[in-house]
Amino acid sequence: MVALVTPRSSSSLYSRTPPPSSSLDFKQNQMLRFGAPLPTVTSSTAVISRTSPAITFHFRSTDAASLQNSNFCFQQVVSHSSRVNCYRNKATAEAAETMAGSVASPSASKQALISLSDKKDLDLLATGLQELGYTIVSTGGTASALEKAGISVTKVEELTKFPEMLDGRVKTLHPSVHGGILAKRDQSHHMEALEKHSISTFELVVVNLYPFYEKVTSTDGVVFDDGIENIDIGGPTMIRAAAKNHKDVLVVVDSQDYPLLLEFLKGNKDDQHFRRKLAWKAFQHVAAYDSAVSEWLWKQTEGDKFPPSFTVPLSLKSSLRYGENPHQKAAFYTDSSLSEVNGGGIATAIQHHGKEMSYNNYLDADAAWNCVCEFENPTCVVVKHTNPCGVASRDDLIEAYRLAVKADPVSAFGGIVAFNKEVDEALARDIREFRSPTDGETRMFYEIVVAPSYSEKGLEILRGKSKTLRILEAKKNSRGNLSLRQVGGGWLAQDADDLTPEEIKFDLVSEKSPEESALNDAKFAWLCVKHVKSNAIVIAKNNCMLGMGSGQPNRVDSLRIALRKAGEEVKGAALASDAFFPFAWKDAVEEACESGIGVIAEPGGSIRDADAIDCCNKYNVSLLFTGVRHFRH
């Protein structure tokens, strides 16, 4: 008894009828033989034509006995359909059926299609597949890399009988590739179609895509035509095809999944959950890729920030213990949009120490970092529940830190401390040992410290403050990004509120002109108030926040909170309001003037602006209109 195996590269891969006697020419047909010596072929013949990933079996015997008694050795083969085409006698049929049953188990000749731009761990994957008996089909550079590694590989053009063309734009877009991927193994007419056209199936597709994302975001820039040439076509097509037919074809797009894949294949299990998970990942991979292409092409074409539709690709960074409250589940995602590349911010911060970040930690750290990045001079910002409760700028960052805490030491306890300059050894010691200004004894406790960098010794000292203290190193936020916010059933999109005082004109509308120091105080307060929740009032002097009122339904209450926190230091200080004052007399403006405020900065635009001007003139207070509102909800 003999089994003749026609390899996948044979031009006649599948056959419904026995090949002519010349097909036994081993050199011409590259056939392999397993088991007993080739017997003499007589008129008694049995043929099994089996649709298989890579091989066709032809059985011949002189009689039934030879089929039953031959010393036959056979490697296990997986196939999705088998058919006995003709039997000349009952014994032959029975033997053939026995053989057909024996090849219904996993095969050493299943096919894997591999096409990779990123060839990380390719040798690990290919070696593992080869050990499992897979035939590897590959393209261009991937095939060359496999050959250099000494791994047997069949080039895709050998399969398609068609060379790559159009500078590589067309190489896998062929029925011999996609037919083998998309055919449903449990549909007889699908398998018959493959057999008719000599197409073999693929059980595994491993593909990653042209590095479009890296190309168009490189610091060197990219010309339009070069960007277009880096848009992958064949790769996404193969990925989508395999993911659609995941019931029969495994699809892998991430090298981190190679170990799991190999373990799965070794286990020889039909785990549809595993297959579906890989298919989901594949579709998500292609969707993110397409979103990058779409985003780039829109910017190249229109440049408008608000296209008719767009996709935001998000990548899971971490699962969180809970959301704002313990009963809410939560997770943190990074934004992979092209506009966010090298954009800085808390999402890409490095955590050097402390407990894992929580949902509220991210919100508070983001608020603190956004605020402190607004300042050019050495500055410290203290945030509690996303509101800056203390801000100070000084040449000496230690002094700035102490003044920021002093602005509201009760709120600062358990808050977030942010710096816009490096934290060195001296500052780190002060953060670790500083006592609360309220009693001079209680050591200040913080959830997070965030800065652009740390000295080696500074980081070591901060780590010694608390096991739980989260120490973040972040890059400065880029300007001009789109701000998104979710509402029920939709999203709001707007430009980020990143105007600086230098970009705003502070128009004097009162009789009294502020001195230069008072004008600087007004600009400092204005920069702070844009980060406070509306209705927002900030009182500041000498580049230091003295008090703030936030989140009140009316501006009068916010003013009174800010005045109470500022205390006696309010005399001659600057006040900034995030929006205009609707009333002046016996309202917020007059109360501010009576408290001793020296200069007020507000947007203006109220129908009672004249009242505000008259009130400030009565109390000899400078009034500046900015024409810019800074609502924050």
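The values are calculated or read from the model by the stated rules, or taken from the named source; none is laboratory data. Nothing here was measured: the structure is a model prediction, and the numbers come from that model. Quick reminder, even Gly has a Cβ in these numbers, built from the backbone with ideal geometry, and neighbours come from all protein chains shown.
The residues in region 412-464 that are of a type in the set (Asp, Glu) and either loosely packed, with under 14 Cβ neighbours inside 10 Å or touching a Leu at 6+ places or on another chain (Cβ under 7 Å) (or both) can be counted, and the count is 5. Scanning region 256-297 for residues being among the acidic types (Asp, Glu) and part of a helix (DSSP H, G or I) gives a total of 4. Among the residues of region 513-539, what is the count of those that are part of a loop (DSSP other than H, G, I, E, B) and either under 35 Å from the mean Cα position of the chain (by Cα) or among the aliphatic types (A, V, I, L, M) (or both)? Here the count works out to 6.
All of (1) farther than 23 Å from Ala287 by Cβ; (2) touching a residue at least 60 places away in the same chain (Cβ under 8 Å); (3) of a type outside the set (Lys, Arg); (4) not in a helix (DSSP H, G or I) hold for Gly221 with one exception: (2). Against the test of being crowded, with 18+ Cβ neighbours inside 10 Å and either in contact (Cβ under 8 Å) with a residue 12 or more places away in the chain or outside the structural domain of Val249 (by TED's automatic domain parsing) (or both), the options Thr142, Thr127 yield a single qualifying residue, Thr142.
Give the residues of region 540-555 that are surrounded by fewer than 20 Cβ atoms within 10 Å (Cβ to Cβ) and closer than 20 Å to Asp587 by Cα, sorted by residue number. Hits for region 540-555 are Gly551, Gln552, Pro553, Asn554.
To keep it simple, each residue is scored yes or no on (1) closer than 14 Å to Gly140 by Cβ; (2) in contact (Cβ under 8 Å) with a residue 60 or more places away in the chain; (3) surrounded by fewer than 20 Cβ atoms within 10 Å (Cβ to Cβ).
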| position | (1), (2), (3) |
| --- | --- |
| Lys171 | yes, yes, no |
| Lys184 | no, yes, yes |
| Gln187 | no, no, yes |
| Met191 | no, yes, no |
| His197 | no, no, yes |
| Phe202 | no, yes, no |
| Val205 | no, yes, no |
| Asn208 | yes, yes, no |
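For the residues Lys541, Lys571, the requirement of being farther than 20 Å from Leu508 by Cα, in the same structural domain as Lys523 (by TED's automatic domain parsing) and basic (Lys, Arg) singles out Lys571.
Within region 349-365, the set of residues being over 19 Å from the mean Cα position of the chain (by Cα), in a helix (DSSP H, G or I) and crowded, with 19+ Cβ neighbours inside 10 Å comprises Asn361, Asp364, Ala365.
Counting the residues of region 153-165 that are within 35 Å of the chain's Cα centre (by Cα) and either modelled with pLDDT of 75 or more or assigned to a helix (DSSP H, G or I) (or both) gives 5.
Within region 240-263, at least one residue is among the basic types (Lys, Arg) and in contact with a Phe, Trp or Tyr (Cβ under 8 Å, 6 or more places away or on another chain).
For region 179-202, the candidate set comprises residues that are in a helix (DSSP H, G or I) and touching a His at 6+ places or on another chain (Cβ under 8 Å); within that set, the residue that is modelled with the highest pLDDT is Gly179. Listed by position, the strands (runs of 3 or more DSSP E) enclosed by region 377-434 that each have at least 2 residues that are within 20 Å of Arg463 (Cβ to Cβ) are 415-419.
Please pick out the residue among Leu484, Leu492, Leu472 that is without any contact (Cβ under 8 Å) to a residue 12 or more places away in the chain, farther than 18 Å from Val405 by Cβ and not in a loop (DSSP other than H, G, I, E, B). Result of the check over Leu484, Leu492, Leu472: Leu492. In region 292-335, the residue that is farthest from the chain's Cα centre (by Cα) out of those that are within 21 Å of Gly227 (Cβ to Cβ) and hydroxyl-bearing (Ser, Thr, Tyr) is Thr301.
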